[in-house]
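Asks: Would you mind keeping the following structure in view while I ask a few things?
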Amino acid sequence: MTTTRQTEGTTTETSPDETGPSPDTYTYIPDVIEPVWTFSTQETFPAWVNPMPFVNPMGREDLYTDILFEAKGDYTFEYANMQNTRVFQDVYGDAWTLHVPFDDSKTPDENKQFILDIEHYISAKNGFVMGYYDQSVVFVLNDADMTRWWGQAAVDDDQIVLSIVRQDELKVGQTMVIRTADYPDQIVRFASYNPGDAYQSIHLAYDQGEVSFEISTENRYGSYVRRYTTRDTLYDELTTDFYYDSVMYDPGFSNWELTWRDSAQTAEIAVTLLRTGDIPQVTYGEPLGAIKVSSEHVATIGAFPAGRDNLRIDHPEFSYEDSHLDQTPDGDYIMFVPAGLWDVKLYPRGDALVENYETLLVPVNSGEMTTVEVPFGISNA
């Protein structure tokens, strides 16, 4: 049985047994296991010699055998999400590596249970688990300032290694001011986030010189991979104040890389991330979705992924070059496409005044069919 949902001129058919939790988070539900590791969630501890991270399950500095800190570092977190898809997430920011020795009073299996027991610590601090991989768990917490902290706890021989990064993130409505003298390598890396329903724009301004940027997003849903990349080089001969629309349609994290030619010329760069509208949310997954259009007033249709100039789609059952229209028994047009936002062109029948019409940002959910309603009289417009 299917139900029908109407969304801004489109109709989406939804199968109730396909609903489920967000793919952004993973909840591990093991067999009932009594915790053997306990962690303190208090906010204050005796002063550390090293900088103390917000993610600090052991509390006291002396309970770690080794502590490494790197300002403006980076780390690649590897995990399998709830779709059992292997994810590699690059995170930039201040980074800690903390070593927790095995407890001699515990058995080897009890020591390894650290990566399960730490979920109680994560939950108590209102965090969530992103996924597990091999003998490790990856999680995310927010501190009181809503700064995002990524963490990984991994079994390594006779110890647990905690990898922690305080993510450098440009949030919606914020302006990040980059003083180039602080970056001798002339490169800045950080992240931004789209919840999946935001039309985001960028305002970038600087004093003079040449500035380049690249923004990349990659999402995997089984064998379905979406890579969205926006890049440009800016020259002060034109202007030093730029706006970019139609960036980062896809949900999740985008990684930014900002560079400049000469710090003696370019002293300061200001980047602002704006939410300038709403876009329909999409349920992503590996199964194809479909677009259906009535053939009564339309001779044919074309469908193009939104942001196609910057988007690369890899799907084992879809090739844009080989895609074609099917027809239902009623003669309506149907095209099977990967989940995402699509721009649909309608070519009217008869002697229309306009060669074609385009309906933008049509949501296609995985495993569902979206019907595009054809306006009455389209052939006579």
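Asks: Compute the signed sum of charges (Lys and Arg +1, Asp and Glu -1) over the other residues within less than 9 Å, Cβ to Cβ, of residue 213. Write out the running numbers ahead of the final one.
Replies: Details: positive: 231; negative: 214, 232, 257.
It works out to a net charge of -2.
Asks: As an exercise, identify the chymotrypsin sites (Phe, Trp or Tyr not before Pro) in region 294-381 lying in DSSP coil whose Cβ has no more than 16 other Cβ atoms within 10 Å.
Replies: Numbers: sites: 318, 320, 333, 336, 342, 357, 376; in loops: 376.
Loop-located and lightly packed - 376.
Asks: Determine, at each q value in 0.10, 0.14, 0.19 (inverse angstroms), the log₁₀ of I(q)/I(0) that the Debye formula gives when each Cα of region 283-363 is one equal point scatterer.
Replies: -0.25, -0.49, -0.87
Asks: Same structure, new question: Mind ranking 43-51, 243-251, 282-290 by how tightly packed they are, going by the mean number of other C-beta atoms within 10 angstrom, highest first?
Replies: Working: 43-51: 10.1, 243-251: 18.0, 282-290: 20.3.
The packing order, highest mean first, is 282-290, 243-251, 43-51.
Asks: Continuing with this model, one more query. Using the Karplus equation 6.51 cos²θ - 1.76 cosθ + 1.60 (θ = phi - 60°), what ³J(HN,Hα) coupling, rounded to whole Hz, does each residue of region 75-91 give in order, writing x for Gly and Pro?
Replies: Using θ = phi - 60°, the values come out as 7, 9, 8, 10, 7, 9, 7, 5, 8, 6, 9, 6, 10, 10, 10, 7, 10 Hz.
Asks: Next question. In nm, give the distance between the simple-model label positions of residue 208 and residue 69, each being 7 Å from the Cα along the Cα-to-Cβ direction.
Replies: 3.9
Asks: Report, to one decimal in Å, the Kirkwood hydrodynamic radius for the chain based on all distinct Cα pairs. Display every interim value, and only then the final one.
Replies: Numbers: mean 1/r = 0.0421 Å⁻¹.
Hydrodynamic radius (Kirkwood, Cα pairs) of the chain is 23.8 Å.
Asks: Let me ask another. For a quick size check, give me the Cα extents of region 158-267 along its three principal axes, largest first, whole Å.
Replies: That works out to 50, 40, 25 Å along the principal axes.
Asks: If one takes the longest principal axis of the Cα atoms in the chain, at what angle in degrees, from 0 to 90 and to the nearest 10, does the Cα axis of helix 114-124 lie?
Replies: 70
Asks: Counting only helical runs of four or more DSSP H residues, what would the 222 nm mean residue ellipticity of the chain come to if each run contributes -39,500 (n - 2.57) and the total is spread over all its residues?
Replies: Values: 2 runs with 16 residues, N = 381.
It lands at -1000 deg cm²/dmol.
Asks: Now, a different point. Given all pairs of different Cα atoms, what value in angstroms does the Kirkwood hydrodynamic radius of region 36-75 take?
Replies: Values: mean 1/r = 0.0863 Å⁻¹.
So the Kirkwood estimate lands at 11.6 Å.
Asks: Summing +1 for each Lys or Arg and -1 for each Asp or Glu, what net charge is found among the other residues whose Cβ lies under 15 Å from the Cβ of residue 165? Can you show the working numbers first?
Replies: Details: positive: 72, 148, 166, 189; negative: 70, 74, 78, 90, 94, 143, 168, 169.
Here the charged neighbours net out to -4.
Asks: Right, next: Ranked by Cβ crowding within 10 angstrom, fewest neighbours first, how are 168, 66 ordered?
Replies: On the way: 168 19, 66 11.
Ranking 168, 66 by Cβ neighbours within 10 Å, fewest first, gives 66, 168.
Asks: OK, next. Tally Lys and Arg at +1 and Asp and Glu at -1 over the other residues with C-beta under 11 Å from the C-beta of residue 304: what net charge comes out? If you can, show how the numbers build up before the last one.
Replies: Details: positive: 308, 345; negative: 309, 343, 358.
After counting each charged neighbour, the total is -1.
Asks: Something else about it: Average the reciprocal distances over every distinct pair of alpha-carbons in region 320-367, invert the result, and give the Kirkwood radius in Å. Could you put the intermediate results ahead of the total?
Replies: Working: mean 1/r = 0.0791 Å⁻¹.
Taking every pair of different Cα atoms in region 320-367, averaging 1/r and inverting gives 12.6 Å.
Asks: When only Cα pairs under 8 Å and 6 or more residues apart are kept, what is the percent relative contact order across the chain? It would help to have the intermediate numbers written out before the result.
Replies: Working: 871 pairs, mean separation 55.9, N = 381.
Computed over the chain, the figure is 15 percent.
Asks: Take the Cβ-Cβ distance between residue 239 and residue 294 as r, set R0 to 30 Å, and report the resulting FRET efficiency rounded to the nearest 0.05. It would help to have the intermediate numbers written out before the result.
Replies: Details: r = 46 Å, r/R0 = 1.53.
My answer for the efficiency is 0.05.
Asks: For residue 156 and residue 47, calculate 0.36 nm times their separation in residues minus their Cα-Cα distance, and state this gained length in nm to one decimal.
Replies: 36.5 nm
Asks: Want the number for residue 345 to residue 328: 0.36 nm per residue separation, take away the alpha-carbon distance, what's left?
Replies: Details: separation 17, 0.36 × 17 = 6.12 nm, distance 1.88 nm.
My answer for the length gained is 4.2 nm.
Only the coordinates and a few stated rules stand behind these numbers; no lab work does. For clarity, every value in this text was computed on a predicted model and none was experimentally measured. Quick reminder, even Gly has a Cβ in these numbers, built from the backbone with ideal geometry, and neighbours come from all protein chains shown.
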